[in-house]
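For reference, the structure discussed in these notes is given below.
The values are calculated or read from the model by the stated rules, or taken from the named source; none is laboratory data. In this text the structure is predicted, and so the values were computed from the model without any measurement. Reconstructed Cβ throughout: ideal geometry from the backbone, glycine too, with neighbour counts over all protein chains shown. Note: areas computed on protein heavy atoms with side chains; ligands, DNA, RNA excluded. Shrake-Rupley method; radii C 1.70, N 1.55, O 1.52, S 1.80 Å.
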Amino acid sequence: SFRMPQSMPSAVDGAASAISYSEYFFPGTLSLILLFTAIFTTISIIEDRREGFLQSVLVAPIARWSMVLGKLLGGSLIALVQGMIFFLLGLTLGLHYSPTMVLAVAGFSFLCSFTLTALGFLIAWRMDSTQGFHAVMSVFLMPMWLLSGAFFPGEGWLRWVMLVNPMTYMTAGLRHLIYLNVENGAALLPPHLPSLPLCLIVTSLLAAGLFALAVRMSAARTTGDLL
């Protein structure tokens with residue numbers, strides 16, 4: 001079984017230094033905040049349908065994509081604000097933030113938040129019960145986060161499982177950006193971490209794909225829309 005170690009050996013270029021668990025876990029916690037905040041903001045879709053507000057929006061003379069985009073941007077901004085507030089706690093780990101680093105982390109965090117909000121939109125759109133939404137999210141989100149390399153690095157067959165998890169690339173991207181300009185930052189990156197360009201490509205493609213699916217789904221009527 002996995003234990004929370006006090007330090008995790010670095011395998012970058014054979015370095016003999018070690019990364020403390022707080023340094024390893026920090027980017028993973030940031031990804032957790034973005035994940036849960038972004039996903040759970042979409043609960044408002046269920047509430048809006050129940051109260052009749054969503055039906056009013058759907059019959060308004062506006063493009064359906066603009067409604068979806070507004071919803072996703074709103075949830076993304078909420079997640080981004082909460083994530084960046086936590087990000088400031090990295091100062092307690094001795095991290096030194098440059099303006100470029102903060103902007104890079106904020107930009108990628110927003111991209112992650114947009115992707116995750118779109119995922120939540122797809123799930124919430126077809127549901128008419130907040131209880132059902134919570135049940136699905138509890139079963140779906142925790143494994144998604146735990147298998148992203150946020151809590152522990154993957155080894156052996158588990159590493160291959162993590163590579164098919166989109167959250168892996170979001171967490172890895174945040175890890176790269178946070179420790180990119182830190183002294184000896186390479187030693188703070190675990191082995192077999194997806195590269196930053198790959199993380200950006202995968203997350204961007206996923207964001208575009210989920211947004212397109214959300215627009216397509218919103219164009220189809222559901223039973224709740226007719227009530």
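I need the calculated FRET efficiency for the pair ASP128 and LEU73, taking r as the beta carbon distance and R₀ as 22 Å, to the nearest 0.05. E between ASP128 and LEU73, to the nearest 0.05, is 0.35. Per-residue packing, averaged as other Cβ atoms within 10 Å, sorts the ranges 148-156, 26-34 into the order 26-34, 148-156, beginning with the highest.
Amide H contacts for SER20 (H built 1.01 Å from N in the peptide plane; partners 5 or more residues away or on another chain; cut-off under 5 Å): MET8. Rounded to the nearest 10 square angstrom, TRP65 shows an accessible area of 140 square angstrom against a 1.4 Å probe.
Report note on the peptides 80-88, 130-138: ranked by the mean count of other C-beta atoms within 10 Å, highest first, their order is 80-88, 130-138.
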